[in-house]
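Right, one structure below, let's go through it.
The values are calculated or read from the model by the stated rules, or taken from the named source; none is laboratory data. These numbers were taken from a predicted model, which means no experiment stands behind them. No Cβ is skipped: glycine too gets one built from the backbone with ideal geometry, and neighbour counts run over all protein chains shown. Please note that ligands, DNA and RNA were not included when accessible areas were found on the heavy atoms of the full protein model with its side chains. Shrake-Rupley method; radii C 1.70, N 1.55, O 1.52, S 1.80 Å.
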Amino acid sequence: GAVVSQHPSWVICKSGTSVKIECRSLDFQATTMFWYRQFPKQSLMLMATSNEGSKATYEQGVEKDKFLINHASLTLSTLTVTSAHPEDSSFYICSARVTSSSYNEQFFGPGTRLTVL
Amino acid sequence: SQQGEEDPQALSIQEGENATMNCSYKTSINNLQWYRQNSGRGLVHLILIRSNEREKHSGRLRVTLDTSKKSSSLLITASRAADTASYFCATATSNTGKLIFGQGTTLQVKP
């Protein structure tokens with residue numbers, strides 16, 4: 001199947017700093033990527049939909065100024081957690097939708113564990 | 001918001017037994033998908049069932065979909081210790097690609 005990578009796989013940062021997470025589709029083009037957040041022992045919560053060449057669409061309750069999303073190419077989307085605080089500590093997972101798919105086929109990245117001290 | 005509700009939340013069985021997980025959802029769907037997640041890892045896509053399908057098989061997996069009851073079930077037959085993971089259903093309500101995940105079932109298969 002198609003491969004999606006995330007970088008970094010884990011990051012520890014101090015409160016108040018910004019952290020950038022990259023999501024790449026390695027062997028296919030993805031006009032749409034999705035960002036999820038998962039707290040321990042919980043399910044995935046969709047944060048935003050990232051569309052190549054346009055602004056991201058955020059889910060209700062997700063602060064767009066805090067979670068900046070850039071989808072500059074068909075293979076890369078980035079999520080920047082700005083002024084991170086301990087409550088932002090979570091597992092962030094991206095997925096990429098295969099452009100030609102008519103059945104919402106998505107491939108998920110391995111996730112990035114963010115710990116804010 | 002989370003659309004799917006799954007039960008049981010946790011399931012512990014012996015290797016070789018079958019495991020059944022259920023998922024219910026609230027609105028009309030385009031398709032329903034099942035994923036597996038090993039602890040601390042990303043998701044692995046298991047199977048997709050379209051709204052006009054009632055049953056689908058893939059290896060040891062069997063998925064059913066009852067749109068009248070807005071529910072789906074995932075059956076894993078002849079379970080193995082390696083099946084130990086969390087299992088999530090996810091519904092797609094349109095062709096936008098957005099998936100709404102259920103709360104998940106944590107399966108433990110004891111050797």
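Things worth noting here:
- Flag for A:I12 being in contact (Cβ under 8 Å) with a residue 60 or more places away in the chain, closer than 17 Å to A:Y92 by Cα, open to solvent by 30 Å² or more (accessible area, probe 1.4 Å) and of a type outside the set (S, T, N, Q): yes
- Of all residues making up the stretch B:62-76, the number that are hydroxyl-bearing (S, T, Y) and within 16 Å of B:T106 (Cα to Cα): 1
For (1) within 30 Å of A:T112 (Cβ to Cβ); (2) in contact (Cβ under 8 Å) with a residue 60 or more places away in the chain; (3) open to solvent by 60 Å² or more (accessible area, probe 1.4 Å), each residue gets a yes or a no:
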site: B:L43; (1), (2), (3): yes, no, no
site: B:I47; (1), (2), (3): yes, no, no
site: B:N52; (1), (2), (3): no, no, yes
site: B:L61; (1), (2), (3): yes, no, no
site: B:D66; (1), (2), (3): no, no, no
site: B:K69; (1), (2), (3): no, no, yes
site: B:T77; (1), (2), (3): no, no, no
site: B:R80; (1), (2), (3): yes, yes, yes
site: B:T84; (1), (2), (3): yes, no, no
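- Considering the stretch B:95-111, and only residues there that are open to solvent by 40 Å² or more (accessible area, probe 1.4 Å) and within 13 Å of another protein chain (Cβ to nearest Cβ), the residue that is modelled with the highest pLDDT turns out to be B:T106.
- Among the conditions (1) modelled with pLDDT of 95 or more; (2) in contact with a Phe, Trp or Tyr (Cβ under 8 Å, 6 or more places away or on another chain); (3) among the basic types (K, R), the only one that B:R80 does not satisfy is (2).
- Counted residues, the stretch B:77-92 - those being under 14 Å from the mean Cα position of the chain (by Cα) and closer than 29 Å to A:W35 by Cα: 10
- For the stretch B:64-89, filtered to residues that are within 16 Å of B:E53 (Cβ to Cβ) and not hydroxyl-bearing (S, T, Y), the residue that is nearest to the other protein chains (Cβ to nearest Cβ) is B:C89.
- Residues (within 11 Å of chain A (Cβ to nearest Cβ) and in contact with a Gly (Cβ under 8 Å, 6 or more places away or on another chain)) located in the stretch B:1-36: B:Q2, B:Q3, B:G4, B:E5, B:E6, B:Q9
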